[in-house]
1. Could you list 124, 145, 94, 64 so that the one with the fewest beta carbons within 10 Å of its beta carbon is first and the one with the most is last?
2. Please say if segment 42-126 is rounded, prolate or oblate, where rounded means a/c under 1.5 for a ≥ b ≥ c the square roots of the C-alpha gyration tensor eigenvalues, and otherwise the choice is prolate for a/b larger than b/c and oblate otherwise?
3. For residue 70 paired with residue 54, estimate the spin-label separation in nm (one decimal), with each label point 7 Å from Cα along the Cα-to-Cβ line.
4. At a threshold of 8 angstrom on Cα-Cα distance, excluding pairs fewer than six apart, so keeping six or more, what relative contact order does segment 31-142 reach in percent?
5. Neighbouring Cβ atoms within 10 Å as the yardstick, rank 48, 123 fewest first.
6. Mind checking the full-extension length gain between residue 106 and residue 62? Use 0.36 nm per residue of separation minus the Cα-Cα distance, one decimal, nm.
């Protein structure tokens, strides 16, 4: 740089017209919201894994994103969260839900039973994988007036 010359500032890039601004479907979820969702699910189903159906201690059950977050806050909604045992949560990790359910279709049956609060797309996917009999059984078990536990 020559003496008397001002240091140059980095140039700002001009905004490109017509480029859409990314929109999120929900705001980032606070720790309190996760705790509230976890308590809501525990009160609704007890400490049962939504994938394998195993009952474990309330302290040991984890909260899992059905559709993996991968850094996106749009998936932090209640209709994308279920209770999962640590083994299923670790096994699923960031795997797509379709691959995870297809590996063991009984997971889709359990997801229908313990995930009726999920988004319509996820419930429809689980119904398709589980089959009509499992979907009917899940609907019966979700009915509070149904007297049997199948």
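Values quoted throughout were computed directly from the atomic coordinates according to the rules given, and no laboratory measurement underlies them. As the structure is a computational prediction, the values presented were derived from the model and not from experiment. Positions of Cβ are backbone-derived with ideal geometry, glycine not excepted, and every protein chain shown enters the neighbour counts.
1. Details: 124 12, 145 5, 94 8, 64 21.
By the 10 Å Cβ count, ascending: 145, 94, 124, 64.
2. rounded
3. About 2.8 nm separates the two model spin labels.
4. On the way: 141 pairs, mean separation 27.2, N = 112.
Averaging sequence separation for qualifying contacts and normalising by length gives 24 percent for segment 31-142.
5. 123, 48
6. Values: separation 44, 0.36 × 44 = 15.84 nm, distance 1.96 nm.
In short, 13.9 nm is gained.
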